[in-house]
Amino acid sequence: MRVVLLALRLMCMAGLWPVTHLNTSHFKRRHKEHHLADNVKQKHAGRVDPKIKKLDSTKSMLIKSEQLLRIEDHDFAMRPGFGAGALPVGVDVQVESIDSISEVNMDFTMTLYLRHYWQDIRLAFPSSSNKSRTFDARLVKKIWVPDVFFVHSKRSFIHDTTMENIMLRVFPDGHILYSVRITVTALCSMDFSSFPLDTQNCSLELESYAYNENDLMLYWKNGNNSLKTDEMVLSQFFIEDFQPSFGVSYYSSTGWYNRLYINFILRRHIFFFMLQTYFPTMLMVMLSWVSFWIDRRAVPARVSLGITTVLTMSTIITGVSASMPQVSYVKAVDIYLWASFLFVFLSVIEYAAVNYFTTVEEMKKLRRAKVPASFNNTQAMAFDSCFHDNDIDLSPFPDSSSAPNTERNTRARNSTASIPAEPTGLHCQLPLKHRLSFIMSHSYVIDSYSRVIFPLTYLLFNIIYWSLYS
């Protein structure tokens, strides 16, 4: 009997040993994993390794969004509705600012919000509340978006502070709103023939790069209301109008493309150029007229004034040219500056003529007069403006009643008698010759005429100039 009980005990112990060993091993494994997790936390300063903690809430939300939109189930390298008609893509723009306008580079820089509207059935999702879902740039890279670019752009970038300024909003029926904040520098073909009294027409052009009109149709979402602008104030320009428009462009190798235009008109403020260019030029021209009231014998004063005004005008012309593009046609400011330079230059030439005729007149008087013998050197120099030395014999000039003069008078009378009595063309030239000889013998008259002719001519020029370009 005892043998039988002993055998039953051995059989029970043999049956319970595997279960006990399995529980012990499981406890040891759980204790080892808990010990490893504690070591990882201590090593990474409280951060849990993704391999240890497999359930991450932030990643689970992204996975849920991708599952909700079924991104992995479709090929988003193809446009929506591939093989059917052209996909309509609506566009609207809100212009934030016009940052700069460069006449030298003939371009402008603009910051704007560019928004696209289209429908992609592949992204439709069920929703009981019919609410849209909004995403940032991380999801945009996994779906199809329109490849709109700026025609004639030189530089452009998407703002990325503090994150990329990109928004994607998906509606339950598959409609999508895609918005980006962009700064673009684009070409503007400017006409400077009326500068600085000019008005410039610039445009920013949008077009699909890869899809022609058979695949993608660009259009303004809300017609003329698709273009909105904030209140903008520019330093040199006044914005007269912002207007959207539509057109098509043709490329010989790829076909026709839809193109959207953002047109705006810029009218230049003239007050800056009045202060910097026109007023100084007018003052230099009027300053050159001061020499007409200075005595014609004051050579240093009149020459210095004329040269100073000429050099100042040259500096003004050089400064204006340096801030303008090298165009091959004449600008309005060039006409004004060079006409004013001509007036300044003519005032210098006027004094050269006055000085020459004055010298000739004094030499003639010197020949007809004689220096009294009682004059000393100082008095003699004051008399004829020439330096005298005591060693020089100041013999008087022949008297006007001498024989040679008598012979000249006789010849003059004979020549006058030989003139035919019939009228000829020479009589018509006599008054002009008399006037010229009178002016040459009385050079101060040139200054008197210049005091009136120069201001009146310059005033007439200003009236014609501002009536044409204003």
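Tallying residues that are hydrophobic (A, V, I, L, M, F, W, C), open to solvent by 30 Å² or more (accessible area, probe 1.4 Å) and assigned to a strand (DSSP E or B) within the stretch 230-252 yields 5.
Restricting VAL299, VAL290, VAL330, VAL344 to residues that are β-branched (Val, Ile, Thr) and either surrounded by 15 or more Cβ atoms within 10 Å (Cβ to Cβ) or at positive phi (or both) narrows the list to VAL344.
Being modelled with pLDDT of 95 or more, open to solvent by less than 20 Å² (accessible area, probe 1.4 Å) and touching a Leu at 6+ places or on another chain (Cβ under 7 Å): is that true of VAL140 here? So VAL140 does not fit the description; no.
Of all residues in the stretch 127-147, those that are under 20 Å from ARG79 (Cβ atoms) have Cβ atoms under 8 Å from Cβ atoms of residues that are of a type in the set (Gly, Ala, Ser) and open to solvent by less than 90 Å² (accessible area, probe 1.4 Å), 6 or more apart or on another chain, in PHE135/SER65; LEU139/SER65; TRP144/ALA77; PRO146/SER208; ASP147/SER208; ASP147/ALA210. With the condition kept exactly as written, say whether any residue in the stretch 110-130 is within 30 Å of LYS331 (Cα to Cα), touching a strand residue (DSSP E or B) at 6+ places or on another chain (Cβ under 9 Å) and open to solvent by less than 60 Å² (accessible area, probe 1.4 Å). Checked against the condition, which is being within 30 Å of LYS331 (Cα to Cα), touching a strand residue (DSSP E or B) at 6+ places or on another chain (Cβ under 9 Å) and open to solvent by less than 60 Å² (accessible area, probe 1.4 Å), the stretch 110-130 yields at least one hit.
Considering only residues that are touching a residue at least 12 places away in the same chain (Cβ under 8 Å) and surrounded by fewer than 19 Cβ atoms within 10 Å (Cβ to Cβ), which ones fall in the stretch 88-102?
PRO88, GLY90, GLN94, GLU96, SER97, ASP99
Listed here are the residues, each with its yes/no results for (1) under 21 Å from the mean Cα position of the chain (by Cα); (2) not hydroxyl-bearing (Ser, Thr, Tyr).
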{"site": "VAL180", "(1), (2)": "no, yes"}
{"site": "PRO196", "(1), (2)": "yes, yes"}
{"site": "MET217", "(1), (2)": "no, yes"}
{"site": "TRP220", "(1), (2)": "no, yes"}
{"site": "GLY223", "(1), (2)": "no, yes"}
{"site": "ASP241", "(1), (2)": "yes, yes"}
{"site": "TYR251", "(1), (2)": "no, no"}
{"site": "LEU266", "(1), (2)": "yes, yes"}
{"site": "PHE272", "(1), (2)": "yes, yes"}
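Taken over the stretch 198-226, the criterion of being in contact with a Phe, Trp or Tyr (Cβ under 6 Å, 6 or more places away or on another chain), open to solvent by 10 Å² or more (accessible area, probe 1.4 Å) and within 30 Å of SER102 (Cα to Cα) is satisfied by SER203, GLU205, TYR209. The conditions of being closer than 14 Å to THR111 by Cα, part of a strand (DSSP E or B), in contact with a strand residue (DSSP E or B) (Cβ under 9 Å, 6 or more places away or on another chain) and open to solvent by less than 60 Å² (accessible area, probe 1.4 Å) are met by SER179.
Evaluating SER194 against the criteria (1) open to solvent by 10 Å² or more (accessible area, probe 1.4 Å); (2) out of contact with any Cys (no Cβ under 8 Å at 6 or more places or on another chain); (3) assigned to a strand (DSSP E or B) leaves one unmet condition, (3).
The single condition among (1) β-branched (Val, Ile, Thr); (2) touching a Lys or Arg at 6+ places or on another chain (Cβ under 9 Å); (3) under 25 Å from ARG79 (Cα atoms) that THR199 does not meet is (3). The condition of being over 27 Å from GLU96 (Cβ atoms) and free of Cβ contacts under 8 Å to residues at least 12 places away in the same chain holds for only one of PHE195, PHE279, that being PHE279. Of the residues making up the stretch 415-470, those that are open to solvent by less than 70 Å² (accessible area, probe 1.4 Å) and at pLDDT below 60 are SER415, THR424, GLY425.
The values are calculated or read from the model by the stated rules, or taken from the named source; none is laboratory data. All values reported here derive from a predicted model rather than from experimental measurement. Positions of Cβ are backbone-derived with ideal geometry, glycine not excepted, and every protein chain shown enters the neighbour counts. Surface accessibility is based on the protein's heavy atoms, side chains included, excluding ligands, DNA and RNA. Shrake-Rupley method; radii C 1.70, N 1.55, O 1.52, S 1.80 Å.
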